[in-house]
Each structure stands twice: as structure tokens, then as C-alpha cells.
Amino acid sequence: MVLLTLFASALAAPPDAATVAGMSGTWRLAEGRPVVQARVTEAVEGMLAPLNVIVRSIARPRLAAAATFCDGYQVTVTTAAFTLACDDRPPITLGFDQPPFVGTTPDGGAYEATATSRDGAVFLTFAASAGVQGLRYTLAGGALEVEKSLAVQQLGARLAWNMRYTRQ
């Protein structure tokens, strides 16, 4: 399995004290779900636009199913690890700059997950045979900003969108 680094670099370091203190907590989507869903749909359609109609019809439902986002997060950050729970899903803890965590997808496939921190941001990468999902978490003006991207190896393309969460 090839791991693509979407955001992080080799210059990663443990998160600084401000990141540790600021990111931990409960976060809720600041924008309405329909607003974010429209942004995701636009990103998916933008990625599909240059493809032929047959590939688009096959890829659209798969991308739509993979292009998900959370209504809320429960986040705990330490200098050693990043723990998050998306909505009502079980939490996942990833150690910073540790060997990849190997897990199982809902359909029984394997994935690898890593966490790094650099310049006040936390980067998570989830890689599976179908592609790579990257998440970048930063703090801005008291809000948690999340950039999510999907790199689909079979299509040779990447889509990305942003979400903003407020502390609850």
C-alpha cells in the first residue's frame, strides 16, 4: 500500500502547548449541514467534470459515499497523541510520528492511519487501496478549521473542501 503525504512534511514535531490546549474539547459544525454538503457536492462534481460520462456515472456514487464530514468532534490532544470521535463513532487515537495504525474498513479492507503535527496544525492521513483521505486541523479565531481531501488513485485526482467548527 502506498502512503501519499497530502499535507505533512518530514519536519513534523509534537504539537505546541497552544495547539494542545486549544484543540481539545467538543466541537460542532458552525455552518449548516446543507451548506457544507453543497460544498462537498461541488468538489465532487469539479473532480468528475473532466472525466468521460461513463466513468463519471461509476465514480459519482462512490465519491459521494466517501466524501463525508462530521457534524461534531470530540477532540483530545496531547504532545504524544491525537484522539478524536466523529459524531457517535468510537474514538480513534493516533500517536504523533508513530508507525501507521492498521485498521479495518467497514467493508473488511485494510487501511493505515498516521498523525503528525507541524506549525500549529494536526494532520491525519488514512490510506486504503481505494485512495487516501487527509485531514488538516487548525485553530483560527477560536474555531476549529478542518480541511479534508480525498486522493483517488484510480482517477489520478484529488478533491478537497473546508469545514469550520465552533466550541460547544
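Every number here is computed from the coordinates shown, using simple stated rules; none is lab data. Since the model is a prediction, treat every value here as computed from it, not as a measurement. Using ideal geometry, Cβ is built from the backbone for each residue, glycine included, and neighbour counts are taken over all protein chains shown.
Using a/c under 1.5 as the rounded threshold, could you call segment 14-91 rounded, prolate or oblate? The axes a ≥ b ≥ c are square roots of the C-alpha gyration tensor eigenvalues, and prolate needs a/b larger than b/c, oblate otherwise.
Details: a/c = 2.80, a/b = 2.38, b/c = 1.18.
Prolate shape, in that a/c is at least 1.5 and a/b is the bigger ratio.
If each of Asp16 and Phe101 carries a label point 7 Å out from its Cα toward its Cβ, how far apart are those two points in nm?
Spacing of the two 7 Å Cα→Cβ label points: 2.6 nm.
Relative contact order (percent) for segment 17-167, with alpha-carbon contacts under 8 angstrom and 6 or more residues of separation?
Details: 282 pairs, mean separation 33.8, N = 151.
The value is 22 percent.
Considering the options Gly103, Ala121, Leu51, tell which one lies farthest towards the positive end of the dipole of the chain, charges being +1 on Lys and Arg and -1 on Asp and Glu at the Cβ, about the Cα centre.
It is Leu51.
Per the Cauchy relation, a quarter of the hull surface: what is the mean projected area of the convex hull of the alpha carbons in segment 17-167, in nm²?
Details: hull surface 36.8 nm².
Its average projected convex-hull area is 9.2 nm².
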